[in-house]
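Novice: Quick one: this structure, given as C-alpha cells, is what I'll be asking you about.
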Amino acid sequence: MTQFGDYQTRIYLAGLSGVMPALPVDFATLEARAAAALPPSVLSYVQGGCGDEHTQDDNVAAFGRWGMVPRMLVDTAKRDLSVTLFGADLPSPLFMAPIGVTGLMTQDGHGDLAAARAAAETGVPLCASTLASDPLEDVRAACGDTPAFFQLYTPRDRGLAESLIARAEAAGYAAIVVTLDTWVTGWRPRDLNASNFPQLRGHVLTNYLVDPRFRAMLGHPPEQDMRAAVGLWAGTFGKVLVWEDIAWLRSVTRLPIVLKGICHPDDARRAIDEGADAVYCSNHGGRQANGGIAAIDMLPGVVASVDGRVPVLFDSGIRSGTDIVKALALGATAVGVGRPYSYGLALGGAAGCAHVLRCLLAEADLLMAVNGLPTLADVRAAGAVPR
C-alpha cells in the first residue's frame, strides 16, 4: 500500500545532503514561479476566469468555509487512499482534470504527452481534453498502465463526435467525459483584452486535424489551408446538448458516460435516469459562468441526490491536499485538479507535473494521518462541517 506522505520524508532526507526541492511544494509559490515562466497569452488563458472572476475566486475561497473535526487515539500508521473507478483499481482518488491548453504548457509544445507521462509515473489518471497538441491515441499510450479518461467537447456534426468517441474507445480510454457547459465560451475579459483565443490561432486542434471525418469534411489536407481548417473547426465546435442527446451518446460507445458540469440535484438525478454512468460536479473552475455558487458548496446536494448509485467526480478550486480531503469528506468519489498540475508542467515538464501530484497526495495522506482517518470511508463518515 502506497504511503503518499513518505514524499515529505524524501524531501527532508534529501535536504540533509544539501539537495533542495527543484520546484515549490505550495500552490502560491508554484503559481508565482509559473507566472514568471509562461508567455503572457498562455498565462492569461490558464489563470483567467469569466466576468469579474468572482465565481472563480470563490471556488477557491469556499474551501476555507468548510472544516473537519479530528479524531484521536486511532491507529493511522497506515492509510489507504485507494479507490475503484470504472472498473479500475487506483492508488488514490486524485485525477488530472481536462485543460484545453495543456499542450502549450511545456516549452516543447507537447504538454499533453508530458501530463500523460506524469500519469504513468504517479498512477494519477489523466482526463485528456479534446483540445490537445498531440493525438488522443498518443496521449493514451503515454499514460502506460495508468487508466485515462477522454473529455469530449461534442461537435455539432454527429459523425465527427462519433469518430472522436470511437477513436477514444479504440485507444483504450476508460470513460468518455462529456462537457456540458462549453458549447460556447463564457465572457473572459483577460483573453478578450488581448484578443487571444488559442484555438482560432490553430493551437491544440490536433485531434480534429488528424480525424478522418474532419479531414473528409474539410476536403483537403489541413496543412494545405490551415485557415480553412480553423474555420471548419470553429463552425462545428460546440453542440448544444439536451437530455434527448444522452441516449444517442449512450448508443455509440460501450464506455462509461460521465456528464461534466452537473451542479443541481435534479440534474444529477435525471442524468442517472437518462443513462449516465457517473456525474461530474464542476462549474468549469469559474471559467464559463460567473455569478454562481462555489462548486464545493454544491457538491453535497449532488452527492445526496445521487445516493451512491453512480460515482461522483468533482473539480473546481482544488489547490491543495487539504482541499482534496474536504471534497472527499463531502462525498466525492474522485477529485480532479487543474491549474496546479499545469504549473508543474510549465516549470518542469512531466517531472514537474509528477512532483505537484505527489505533493498534493502527500498533504492529503498526512492530513488523514493526523486527523485520525486511516481510510476514505473514515473521511466520508467524519464529513466536513461549515465554519
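The values are calculated or read from the model by the stated rules, or taken from the named source; none is laboratory data. The model shown is predicted, which means the values in this text are computed figures rather than measured ones. For neighbour counting, all protein chains shown are included, and Cβ atoms are generated from backbone atoms with ideal geometry for every residue, glycine included. Accessible surface areas use protein heavy atoms only, side chains included; no ligands, DNA or RNA. Shrake-Rupley method; radii C 1.70, N 1.55, O 1.52, S 1.80 Å.
Novice: Just to be sure I understand: of the beta bridges DSSP finds with both ends in the chain, what percent are antiparallel, rounded to 5?
Specialist: Counting DSSP beta bridges with both partners in the chain, the antiparallel share is about 15 percent.
Novice: Next question, about the same structure. With each label point set 7 Å from Cα along the Cα-Cβ vector, what nm distance links Ala166 and Lys239?
Specialist: 1.4
Novice: Could you tell me which residue out of Pro256, Gly67, Thr29 lies farthest along the dipole of the chain toward its positive end? Charges go on the beta carbon: Lys and Arg +1, Asp and Glu -1, centred on the Cα centre.
Specialist: After comparing all options, I get Thr29.
Novice: State, to one decimal in nm, how far the label point of Lys78 lies from the label point of Asn193, with both points 7 Å from Cα in the Cβ direction.
Specialist: With each label placed 7 Å out from Cα toward Cβ, I get 5.4 nm.
Novice: Compute the distance in nm between two label points, each set 7 Å from the Cα along the Cα-to-Cβ direction, one at Leu13 and one at Asp307.
Specialist: Between Leu13 and Asp307, the label points sit 5.0 nm apart.
Novice: Also, I was wondering about something else. Quick one: in the chain, what % of C-alpha pairs are over 35 Å apart?
Specialist: 21
Novice: Oh, and also: If you place +1 on the Cβ of every Lys and Arg and -1 on the Cβ of every Asp and Glu, how big does the dipole about the Cα centre of the range 239-387 come out, in debye to the nearest 20?
Specialist: Taking the Cα centre of the range 239-387 as origin, the dipole is about 300 debye.
Novice: What number comes out for accessible area per residue over the chain if the probe is 1.4 Å? Units Å², please.
Specialist: 40
Novice: Quick one: dipole size for the chain, taken about the Cα centre, charges +1 on Lys/Arg Cβ and -1 on Asp/Glu Cβ, in debye to the nearest 20.
Specialist: I would put it at about 180 debye.
Novice: Regarding the range 103-212, what are the three Cα extents along the principal axes, ordered largest first, in Å?
Specialist: Computed over the Cα atoms, the extents are 42, 34, 24 Å.
Novice: Given axes a ≥ b ≥ c from the Cα gyration tensor, I'd like to know whether the range 310-387 is rounded (a/c under 1.5), prolate (a/b larger than b/c) or oblate.
Specialist: Note, shape of the range 310-387 comes out prolate.
Novice: Using a simple charge model, +1 on the beta-carbon of Lys and Arg, -1 on the beta-carbon of Asp and Glu, nothing else, what dipole does the range 302-387 show about its Cα centre, in debye to the nearest 20?
Specialist: Rounded to the nearest 20 debye, it is 140 debye.
Novice: What percentage of the solvent-accessible surface of the chain, computed with a 1.4 Å probe over protein heavy atoms, is contributed by carbon and sulfur atoms?
Specialist: Roughly 55 percent of what the probe reaches on the chain is carbon or sulfur.
Novice: Still on this structure, please answer the following. Over all Cα pairs of the range 224-367, how is the pair count split among 5 Å bins, expressed in % and running from 0 up to the last occupied bin?
Specialist: Per 5 Å bin, starting at 0, the Cα pair percentages come out as 2, 9, 15, 15, 16, 16, 13, 9, 4, 1, 0.
Novice: Toward the positive end of the charge dipole of the range 152-209, about the Cα centre and with charges on Cβ (Lys, Arg +1; Asp, Glu -1), which of Ile176, Leu164, Pro189 goes farthest?
Specialist: Positive-most Cα among the choices belongs to Pro189.
Novice: Using 0.36 nm per residue of separation minus the Cα-Cα distance, give me the extension gain between Arg156 and Glu121 in nm, one decimal.
Specialist: 9.0 nm
Novice: Pairs of Cα atoms under 8 Å, at least six residues apart: use those to get the relative contact order of the chain, whole percent.
Specialist: 27
Novice: Gain in length, Glu274 to Ile293, computed as 0.36 nm per residue apart minus the alpha-carbon separation, to one decimal in nm?
Specialist: Computed gain between Glu274 and Ile293 is 4.3 nm.
Novice: Work out from phi, with θ = phi - 60° and the Karplus expression 6.51 cos²θ - 1.76 cosθ + 1.60, the ³J(HN,Hα) of each residue of the range 228-242, listed in order in whole Hz, and give x for Gly and Pro.
Specialist: Coupling constants for the range 228-242: 5, 5, 5, x, 5, 4, 4, x, 10, 5, x, 7, 6, 7, 10 Hz.
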